[in-house]
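These notes concern the structure reproduced below.
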Amino acid sequence: MRERRRRNPDFTTDEAQAATLIYTEGSFRCRRERRDATYLRPVVRIRMCVSEALEPASRVLRTKIIPVRTKKIECPPELFPPNGKGYYEVDVVGRHAERVMERLKPLIPEYYNRRWTRLRERCFRPTRPYRLRRRR
């Protein structure tokens, strides 16, 4: 008789769903925390029209699901009331993002892991401080 295949006990279903959301709907960016900051921080961001789909990711990333309002229609009106002008977002910044990505690394395809490491190297390189330009 065949043995039944069991799930991986190292990862929860929320972690598996969050990893899938990261490489299907997610994006990686660098963000400057303050205008005078010399360093950029890496960001893992997931944006979707359905807030219920982001719940496993929000539990894994330990952040809230934030509604983001825009001026143009991003989602169908029934998914983002009242008029569909916006989307839902979950993001994590800095060292916490690094810890989350390190934990989910076995679940994410190699291409996205390489993108993440390149972004981390670019973000933690010192940059010039941001300066406002004067209007003439």
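Read-outs: derived from the displayed coordinates by stated rules, not from any lab. All of these numbers come straight from a predicted model, not from anything done at the bench. Positions of Cβ are generated from backbone atoms using ideal geometry, with glycine treated the same way; all protein chains shown enter the neighbour counts.
The table for this structure:
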read-out: Calculated FRET value between His96 and Lys72, using beta carbons and R₀ = 35 Å, to 0.05; value: 0.70
read-out: Peptides ranked, highest mean first, by Cβ atoms within 10 Å: ranges 10-19, 42-51; value: 42-51, 10-19
read-out: Full-stretch length increase - Arg31, Tyr111 - with 0.36 nm per residue and alpha-carbon distance subtracted; value: 26.6 nm
read-out: Peptides 53-65, 93-105 ordered by average Cβ neighbours within 10 Å, highest first; value: 53-65, 93-105
read-out: FRET E, pair Lys85, Glu52, Förster distance 22 Å, beta-carbon r, rounded to 0.05; value: 0.65
read-out: Exposure proxy ranking, count of Cβ atoms within 10 Å, fewest first, for Cys75, Cys30; value: Cys30, Cys75
read-out: Partners for Lys85 among lysines (Cα-Cα distance below 19 Å; same-chain residues under 8 apart left out); value: Lys71, Lys72
